[in-house]
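Worksheet for the structure shown next.
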Amino acid sequence: MPRTLIRKNPSNFKTLPLFVEATPEGLSYQSVGMPLNFAQTLQRRRQVSVEDPQRFALELANLGVSVRLTLTWQNREYWVLVRQRRQDRGDVVLKLISGYVPAHEMNLPLLTAIQEVAEECLLETPEGWLIGRFNDTWLPTPYTGALHYREKLPFRLRPLSGAALPVRTGSLNLIERPRAYVHLPTASLQLVYDLRLELPKEARNLSLFHVDERLEKEQLVARLDRSKPDLYLMPLNEGKPCAELYTLKKGQLHPASTRGLCLAESFAPQEGWVVREERIRWKDWLNHQGLAEVRKPRTGLRKLTHKARALLRLARGNLHK
């Protein structure tokens with residue numbers, strides 16, 4: 001049974017629309033207008049267009065952040081992805097850890113990003129759940145009332161090298177240099193931070209879980225479902241992604257199916273400062289990356305199933321002769 005961790009009133013969340021100016025040399029944004037609640041923000045997230053993806057100025061519905069999180073496990077690096085049913089878009093995708101930036105953090109989007117890691121990426125050991133630090137800042141423990149956190153063995157978040165082009169909020173450069181793109185279908189500006197998650201050496205038999213908030217009867221509800229961890233690891237080879245997915249449970253990696261899988265728009269091709277797609281199919285993304293999907297060897301039951309299908313095709317062919 002899924003376990004309810006926390007309930008929130010969505011009307012308490014406020015964000016601000018943006019005015020964005022982009023040139024080939026950089027992008028800047030500033031908040032405009034009055035604060036909006038979650039429902040008002042969703043109403044403004046509608047398709048926009050630009051003539052030149054390198055140079056434009058337009059008003060957008062909201063600012064969002066994502067974290068491309070790199071985790072090292074047993075001497076190999078992985079990207080951390082989460083599964084999300086997107087109620088506003090009617091689909092299910094694997095995406096980066098992400099969220100909306102509230103009005104009071106518009107000039108500090110990195111703070112929102114590390115809070116999203118604390119809320120969405122849960123790390124369990126037999127002795128309890130790990131808390132985290134970003135440099136000298138402790139991450140929040142949003143589910144203290146429901147989960148037992150280990151205080152003495154934090155994981156650590158560290159920034160990786162940022163994007164080449166600068167992003168400014170007003171006249172202030174974001175020193176972490178996140179990747180930025182305007183998502184045309186939702187009229188939003190998205191900032192993607194590259195962070196590394198370093199585990200404490202004492203963390204044994206680790207399990208990873210994703211917790212996401214869903215709108216239910218005018219409440220935002222966060223639940224933990226152990227039967228559906230919904231947090232996936234994509235291995236890297238010399239910093240490049242591989243065509244594999246795993247879950248991590250009690251220290252063991254388990255291959256995950258990619259059948260019918262779609263990735264969120266942050267994986268879709270970017271043109272200048274613009275992403276035009278809602279999502280991208282796993283197979284299409286592999287083609288863009290020049291990757292080949294790993295074929296599992298046929299053993300045991302898989303071999304028998306393959307032979308049975310071959311015999312069935314042969315029998316059908318003989319019937320039609």
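The values are calculated or read from the model by the stated rules, or taken from the named source; none is laboratory data. Values in this document were obtained by computation on a predicted structure and should not be read as measured data. For neighbour counting, all protein chains shown are included, and Cβ atoms are generated from backbone atoms with ideal geometry for every residue, glycine included.
Things worth noting here:
- All told, residue 225 falls short of being among the acidic types (Asp, Glu), at pLDDT 95 or above and out of contact with any helix residue (DSSP H, G or I) (no Cβ under 9 Å at 6 or more places or on another chain).
- Condition check for residue 300: within 30 Å of residue 226 (Cβ to Cβ), of a type in the set (Gly, Ala, Ser) and modelled with pLDDT under 95: yes
- Checking each residue in segment 94-108 for being surrounded by 22 or more Cβ atoms within 10 Å (Cβ to Cβ), touching a residue at least 40 places away in the same chain (Cβ under 8 Å) and touching a Lys or Arg at 6+ places or on another chain (Cβ under 9 Å) picks out 94, 96.
- Residue ID - farthest from the chain's Cα centre (by Cα), chosen from residues in segment 195-214 that are surrounded by fewer than 18 Cβ atoms within 10 Å (Cβ to Cβ) and part of a strand (DSSP E or B): 198
- Test set (1) in contact (Cβ under 8 Å) with a residue 12 or more places away in the chain; (2) over 17 Å from the mean Cα position of the chain (by Cα) - residue 263 fails condition number: (2)
- Tabulated pairs, segment 113-125, first surrounded by 22 or more Cβ atoms within 10 Å (Cβ to Cβ), second polar (S, T, N, Q) and part of a strand (DSSP E or B), C-beta under 6 angstrom, 6+ apart or interchain: 124/207
- Residues in segment 200-245 that are in contact with a Cys (Cβ under 9 Å, 6 or more places away or on another chain) and under 23 Å from residue 88 (Cβ atoms): 210, 211, 231.
- Any hit, segment 74-85, residues being over 19 Å from residue 182 (Cα atoms), touching a residue at least 60 places away in the same chain (Cβ under 8 Å) and not in a strand (DSSP E or B): no
- Residue check, residue 36 buried (at least 18 other Cβ atoms within 10 Å of the Cβ), more than 22 Å from the chain's Cα centre (by Cα), within 16 Å of residue 105 (Cα to Cα) and at pLDDT 90 or above: yes
- Members of segment 232-257 that are over 18 Å from the mean Cα position of the chain (by Cα) and of a type in the set (Asp, Glu): 238
- Comparison of 47, 43 shows that the only residue that is surrounded by fewer than 18 Cβ atoms within 10 Å (Cβ to Cβ) and in contact (Cβ under 8 Å) with a residue 24 or more places away in the chain is 47.
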